[in-house]
Every structure is written in C-alpha cells, then in structure tokens.
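S.K.: Mind looking over this structure? Questions follow.
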Amino acid sequence: MSIFQIEIIDPKAKKLLENLAEMNLIKIQEVGNPKERFFDLLNKLRSNEKEISLEEITREVELVRAQRNIKDGSHD
C-alpha cells in the first residue's frame, strides 16, 4: 500500500477522488494542519504525565551523581 498527500487544485478532482473511494479503490482520510496535530499530540502526552515532586527530582539527581562519582572513582 502506498500513501500519498494530494493537494486538490480543482474542485472537480475532489469529486473524482470521492468516486474512487465509493468504489473502494482508495481510502480518503483528511489530515489536519501539522502544527495543530503536533500540539494535540503534545497535549495528549502531557495529560498522561504524573505529577513529580521536587523531592523525587532531588532524589533522582542525587542517585545519578552518586553513580557518576562511583564510576569516576571520586567520593564526596
């Protein structure tokens, strides 16, 4: 299956495409504005985030620093 993005210049072409879709030869799927689609996706991803406290961030940073110090052979 190949996917194409088509810009319709003449409204008659849209009718031809619709006829092809009615014959189940092609599938038409409208694609929104790429910028809007990006922000929709971003909002969806952000809504799936859980709240992280400053304490959790601090613990993670300290853990990474400790692991780095062990790897480097240095001690604080």
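S.K.: On full extension of the chain, what length is gained from Leu54 through Glu18, given 0.36 nm per residue of separation minus the C-alpha to C-alpha distance?
M.R.: 7.5 nm
S.K.: Right, next: Within the accessible area of the chain, what % is carbon and sulfur when the probe is 1.4 Å and the other protein chains stay in place?
M.R.: For the chain, the apolar C and S fraction of the accessible surface comes to 55 percent.
S.K.: Given a 1.4 Å probe, how much area per residue of the chain is accessible, in Å²?
M.R.: Ligands and nucleic acids excluded, the figure is 106 Å² per residue.
S.K.: Further question on the same structure: Excluding residues fewer than 8 places away in the same chain, name every one of the lysines whose C-alpha is closer than 29 Å to that of Lys14.
M.R.: Lys27, Lys35
S.K.: Using a basic spin-label model with each label point 7 Å from the Cα along Cα→Cβ, how many nm lie between Lys44 and Glu62?
M.R.: Placing both labels 7 Å along Cα→Cβ, they lie 3.8 nm apart.
The values are calculated or read from the model by the stated rules, or taken from the named source; none is laboratory data. These numbers come from a predicted model, not from an experiment. Positions of Cβ are backbone-derived with ideal geometry, glycine not excepted, and every protein chain shown enters the neighbour counts. To get the accessible areas, we keep the full protein, side chains included, count just its heavy atoms, and leave off ligands, DNA and RNA. Shrake-Rupley method; radii C 1.70, N 1.55, O 1.52, S 1.80 Å.
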